[in-house]
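Asker: Supplied in structure tokens, the structure appears directly below.
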Amino acid sequence: MSILGYPLGWIMWAIYKVVNNYGVALILFTVLVRLALFPLSVKQQKSSAKMQVFQPKMQEIQKKYANNKEKQQEEMMKLYEQHGYNPMAGCLPSIIQMILLFGIIYVVYEPLSHILHMDKATITALTDIVKANAELLGTSGQPQLTAISAIQNPETVGLFSSISSDVISQIQGFDYTLFGLYLGQIPTWKSVLVLIPILSGVTALATSIVSMKLTPGMDQQQKSMKTMMYLMPLMSLWIAFSVPCGVGIYWIIGNLLAIVQTVILNKFYSPARYKAEYEEQVRRIEEQKKKDREERKKRNGGKKLPEEIEEENAAKAEAKRKTPATPDAEKAAEAYMTSKELNRKRLAEARKRDAEKYGDEYVEVTDQDLM
């Protein structure tokens, strides 16, 4: 977290120097982060539209090679490569925002280091006094915040008489508030700060609802999405009760900006438009593949290509799997099998039964297994 805190701390320091209020600096920083991530959000929007196009093809591959996970994975990778699709691309903005959150927590916890830029010796002297007077000042776990609060309180500032007057004056002039709220305090149910975790959860829920309403194809994933829609705001509510309210305000502002961003993205970067573009792109690629296959088949004297034979075999295997065989048909088929084929069939059936019974992955029978 300290590695992330230092660069973010310098940005916050620069903004604070302009506005001279930590709360306002935090809001401006949040806006700045959203603007910086906007290109990634556009990319995420495109990735979501692509997912709607490729979902049926992915399901088709999963169904076609249900009993051959290795082949299934191979075909998936071919699909991604042919169409330049990265299923992880849509996760990048969310990952970056989570990383930034850890950095923000660090900056909020240690303003003496990141905003006032005090040297380590001075900070150590201040936090030692806080620890020595823990019974009076409390043990919040954030000694820098406790030191600021104690020095800005006329009743406890006397505890820091050993600290130079310049440092005391600097801390007393540090505005660590927003609309009168002290941002270093951790919310509790008994204070007005309880509104911050509640608003954090409510705005997170509103963000999820707006995103679901405006994102195409969400109905296909409705159950899982609904679970996440309620789970994430509850987590936000819970975490906001264990961190300084400055972090909660960062979340609230971030959620409100996310709603605005979602509306703007859907207006100017329509997912429906992207989906239509990708569908046309996929259609052209499929047509070209079909044309190339026909030309290869013509050069091959009209004979079936290896991939056509493989597809036919996969289709037959799927049809056979779906069609229950009668006892008489099974006996007739076995009569025409060689000893090796019969052993292969029986071993495959045994493996399938074990896989279904114990929930294991089915492994195809190879010639090595029959030796």
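The values are calculated or read from the model by the stated rules, or taken from the named source; none is laboratory data. Not measured: the values here are computed from a predicted model. So basically every Cβ, Gly included, is an ideal-geometry build from the backbone, and we count neighbours across all protein chains shown. Heavy atoms of the whole protein, side chains included, go into the accessibility calculation; ligands, DNA and RNA do not. Shrake-Rupley method; radii C 1.70, N 1.55, O 1.52, S 1.80 Å.
Asker: With a point put 7 Å past each Cα toward its Cβ, work out how far Arg296 is from Thr156 in nm, to one decimal.
Answerer: 7.4 nm
Asker: Could you sort 63-71, 124-132 so that the peptide with the highest average Cβ count within 10 Å comes first and the rest follow in order?
Answerer: Listed from highest to lowest mean packing, they are 124-132, 63-71.
Asker: Right, another one. Report the extension gain between Arg284 and Asn68 in nm, rounded to one decimal, defined as 0.36 nm multiplied by the number of residues separating them, less their alpha carbon distance.
Answerer: My answer for the length gained is 74.9 nm.
Asker: If you stretched the chain out fully between Met212 and Gln59, how much longer would it get, using 0.36 nm times the residue separation minus the C-alpha to C-alpha distance?
Answerer: Taking Met212 through Gln59 to full extension adds about 52.9 nm, to one decimal.
Asker: Largest first, how would Met118, Met12, Met98 line up by accessible area (1.4 Å probe)?
Answerer: Largest accessible area first, the residues go Met98, Met118, Met12.
Asker: Taking H as built 1.01 Å from N, whose amide H comes closer than 5 Å to the amide H of Leu178, not counting residues under 5 places away?
Answerer: Leu183
Asker: Of the heavy-atom accessible surface of segment 1-66 (probe 1.4 angstrom), what whole percent is carbon and sulfur?
Answerer: Percent of accessible area from carbon and sulfur atoms in segment 1-66: 66.
Asker: Moving to a separate point now. Please state the shape class of segment 1-62: rounded when a/c is under 1.5, otherwise prolate if a/b exceeds b/c and oblate if not, all from the C-alpha gyration tensor.
Answerer: prolate
Asker: Can you give the FRET efficiency to the nearest 0.05 for Val31 and Val202, using r as the Cβ-Cβ distance and R₀ = 22 Å?
Answerer: Once the sixth-power term is evaluated, E becomes 0.60.
Asker: Testing the spin-label approximation: label points 7 Å from Cα along Cα→Cβ at Val260 and Lys303. State their distance in nm.
Answerer: 6.7 nm
Asker: Okay, moving on. If each of Ala121 and Ile99 carries a label point 7 Å out from its Cα toward its Cβ, how far apart are those two points in nm?
Answerer: About 3.6 nm separates the two model spin labels.
Asker: Would you list Trp13, Trp251 from the most to the least accessible area, probe 1.4 Å?
Answerer: My answer, sorted largest first, is Trp13, Trp251.
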